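Structure first, then comments.
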Amino acid sequence: MIKVVMVDDEVDLCMIVKDNLEAAGSFMVVTHNKPETAEEIIKRENPDVILLDIVMPGRSGSDIIRSLKADPATKKIPIIVVSGKGEMVFNKKKGEFQWIPHSKLVQTRGDLPDVKGAEALAEAYGVADYVSKPFSTELLIQVIQDVAARGRKSSAPGDEGSEQLI
């Protein structure tokens with residue numbers, strides 16, 4: 001069982017993600033919609049993985065990342081940024097999905113460098129991975145399992161998810 005805490009101001013998205021992940025059978029999901037108290041929930045829940053939005057009212061995900069990474073109690077919990085600041089596209093040459101930040105808004109907002117892929121963006125934020133909204137349940141499950149496996153240094157069992165976009 002992989003324990004996930006999702007911090008996102010979109011209540012409906014949190015409920016959809018929770019329902020879909022828990023229906024897959026190997027996830028326990030706690031959602032939280034108030035970025036101001038994210039660290040408190042994360043410390044209390046001690047998850048295997050954190051799903052974190054970047055653009056939220058009151059407090060940015062970037063600020064939460066800095067705070068979590070500075071705290072010895074939370075700095076090793078893998079974080080997956082889940083944001084609408086780009087899009088997942090299928091790269092036919094590589095046969096895989098990639099995050100492409102092609103819009104001017106994505107390339108110029110805040111301190112974010114102009115990077116060209118999910119891995120580079122995750123590295124820029126100092127997190128384990130980056131998933132762009134909208135995403136499929138199958139993709140999210142795969143990313144969470146990969147990140148949790150890296151965090152635990154062991155493999156997580158494969159799950160089949162639906163192709164429903166979230």
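If you go through the stretch 109-166, how many residues are touching a helix residue (DSSP H, G or I) at 6+ places or on another chain (Cβ under 7 Å), closer than 16 Å to Val82 by Cβ, surrounded by 14 or more Cβ atoms within 10 Å (Cβ to Cβ) and at pLDDT below 75?
Total meeting the criteria: 4.
Looking at the structure I just gave you, is Val106 at pLDDT below 55, assigned to a helix (DSSP H, G or I), of a type in the set (A, V, I, L, M, F, W, C) and surrounded by fewer than 21 Cβ atoms within 10 Å (Cβ to Cβ)?
When the stated conditions are applied, Val106 passes them.
Could you please find all residues in the stretch 2-22 being hydrophobic (A, V, I, L, M, F, W, C), within 18 Å of Pro47 (Cα to Cα) and in a helix (DSSP H, G or I)?
Selection gives Cys14, Met15, Val17, Leu21.
Which condition does Thr31 not pass, out of (1) hydroxyl-bearing (Ser, Thr, Tyr); (2) more than 14 Å from the chain's Cα centre (by Cα); (3) farther than 25 Å from Ala124 by Cβ, if it passes all the others?
Failing condition for Thr31: (2).
Which of the numbered conditions does Gly86 fail, given that it passes all the others? Conditions: (1) surrounded by 16 or more Cβ atoms within 10 Å (Cβ to Cβ); (2) modelled with pLDDT of 95 or more.
It fails just one condition, (2).
Identify all residues within the stretch 25-51 that are modelled with pLDDT of 95 or more and either closer than 14 Å to Leu140 by Cα or assigned to a strand (DSSP E or B) (or both); write none if there are none.
Passing the criteria: Phe27, Met28, Val29, Val30, Thr31, His32, Val49, Ile50, Leu51.
Taking the stretch 52-73, which residues are part of a loop (DSSP other than H, G, I, E, B), more than 23 Å from Gln142 (Cα to Cα) and not hydroxyl-bearing (Ser, Thr, Tyr)?
Val55, Met56, Pro57, Gly58, Arg59, Asp71, Pro72, Ala73, listed by residue number.
Return yes or no: is Leu51 surrounded by 15 or more Cβ atoms within 10 Å (Cβ to Cβ), touching a residue at least 60 places away in the same chain (Cβ under 8 Å) and out of contact with any Gly (no Cβ under 8 Å at 6 or more places or on another chain)? Break it down stepwise before answering.
Numbers: surrounded by 15 or more Cβ atoms within 10 Å (Cβ to Cβ): yes; touching a residue at least 60 places away in the same chain (Cβ under 8 Å): yes; out of contact with any Gly (no Cβ under 8 Å at 6 or more places or on another chain): yes.
The answer is yes for Leu51.
Pairs under 6 Å by beta carbon, first residue surrounded by fewer than 16 Cβ atoms within 10 Å (Cβ to Cβ) in the stretch 17-37, partner β-branched (Val, Ile, Thr), six or more apart or different chains?
Correct list of pairs: Glu22/Val29.
Kindly evaluate Gly58 against the criterion of being at positive phi and either out of contact with any Lys or Arg (no Cβ under 6 Å at 6 or more places or on another chain) or modelled with pLDDT under 95 (or both).
yes
Pull out all pairs, ordered by first then second residue, where Cβ-Cβ is under 6 Å, the residues are six or more apart or on different chains, the first lies in the stretch 66-82 and is surrounded by 22 or more Cβ atoms within 10 Å (Cβ to Cβ), and the second is of a type in the set (Phe, Trp, Tyr).
Cβ pairs passing all conditions: Val81/Tyr125; Val81/Tyr130.
Of the residues that make up the stretch 2-15, is at least one within 16 Å of the chain's Cα centre (by Cα) and over 25 Å from Ile141 (Cβ atoms)?
No, there is no match, as no residue in the stretch 2-15 is within 16 Å of the chain's Cα centre (by Cα) and over 25 Å from Ile141 (Cβ atoms).
The values are calculated or read from the model by the stated rules, or taken from the named source; none is laboratory data. Since this is a predicted model, take the numbers as computed values, not measurements. Here Cβ is always computed from backbone atoms with ideal geometry, including for glycine, and neighbour counts include all displayed protein chains.
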